[in-house]
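What follows is a single structure, written as C-alpha cells, with notes after it.
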Amino acid sequence: SPTVAVIIVAAGSGIRLGHAEPKAFVLLHMRPLLDHVLDSIFGMRSPVQIIVVAPSERVADARAIAAAAAARHESPAAALTIVAGGRTRQDSVDLGVAALLPGVDVVLVHDAARALTPASLCDAVVDAVRSTGHGIIPGLPVVDTIKRVAASGAILGTVDRSELSAVQTPQGFPRAMLAAARAWAVQNGRFEALTDDAALVADAGHPVSVIAGDALAFKITTPEDLDRADLILHAAAT
Ligand code: CTP
Ligand code: MG
C-alpha cells in the first residue's frame, strides 16, 4: 500500500474565474481541470493514494472523472478516495486528511487549480520531505520590483527581492507534522488567520523549506490564467 498521499483540493467554486461550473470542472482543451491535475499525479514515479476533495454537489462527477483517469493510467482503484469539501480551503484540507490510509507517512496538499503542474515537481517535493524531514513548499523567485505602499499611495520602501519567494503547491509534509500542526491550530484558534498549509505548519513551530518551483505550476485564478493554460497546451500540441 502507498506511503505517499496527495490531497487534491478541488472544492472551491471559482468565483474569480467566473464560470457557472465549480473551477475544477471547467474545461481546458475539452477536459475538466481536475482531469489535467489527475494526469500529473498519476504520472508520479511511484503509486500514491489520491484523495480528491470535491464540491459536495459534485462528488459523483469527481468520482467518474477520477475513475476514468485511473483506468487510463492502469492504476488500482483502491488508492483513490473522493470526499466532499467544506466552506474554506482549510476545511477541505481537513476533510481530505481524514481520509488518509494507515500506511501513509508523507502527505502532499495540492490545488486542483494548478492544473498544469508537472509530475516531476510532485516527485521533487516528496524527495525533499523524505531527505530533510521538513515541510516542503515549491517557490519561484519574484521578478518584479516590490514596493511597500501606504494607503495614501505614498511609497514606504522597496522590499528586498532576494528574500521573497512566490510559493506554489504541492506542499508536502511528514504526516505526523501535518497532523500535529493542525491540532495546534485548532487548539490555539489559529485556523482563520493561516490560509496556506505551510503557514500553519510553520506557525506551530515546525521547519518548512522552499525548493525550486516550476512556472507550469501557476494557479488558474482568473479568465486570463485559463487563456494562458490554453495557449501553453496548444503550443505543446503543435
Ligand atoms: N478549495 C477547496 N475548498 C474550498 C475553497 C478552495 O478545496 N472551500 C480549493 C480550490 O478548489 C482550489 C484551491 O483550493 O483548487 C485554491 O483555491 P482558489 O484558487 O482560491 O479556488 P476557488 O476558491 O475555487 O476560487 P475563488 O477564490 O476565485 O472562488
Ligand atoms: Mg478561493
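FYI, it's all coordinate maths here, none of it is from the lab. Just so it is clear, the model here is predicted, and its values are computed rather than measured. For neighbour counting, all protein chains shown are included, and Cβ atoms are generated from backbone atoms with ideal geometry for every residue, glycine included.
What to note about this one:
- Residues 73, 36, 134, 110, ranked from the fewest to the most other C-beta atoms within 10 Å, line up as 73, 134, 36, 110.
- If you take all other residues with their beta carbon under 15 Å from the beta carbon of residue 90, and give Lys and Arg +1 and Asp and Glu -1, the sum is -3.
- The base-10 log of I(q)/I(0) for the chain, evaluated at q = 0.11 Å⁻¹, reads -0.57 [Debye formula, identical scatterers on Cα atoms, solvent excluded].
- All Cα-Cα distances of region 124-188, cut into 5 Å bins from zero to the largest, leave 3, 15, 15, 14, 14, 12, 13, 9, 4, 0 percent in each bin in turn.
- Considering only 42, 82, 202, and ranking their Cα positions along the charge dipole of region 4-237 that arises from unit charges at the beta-carbon of Lys, Arg, Asp and Glu, the one farthest toward the positive end is 202.
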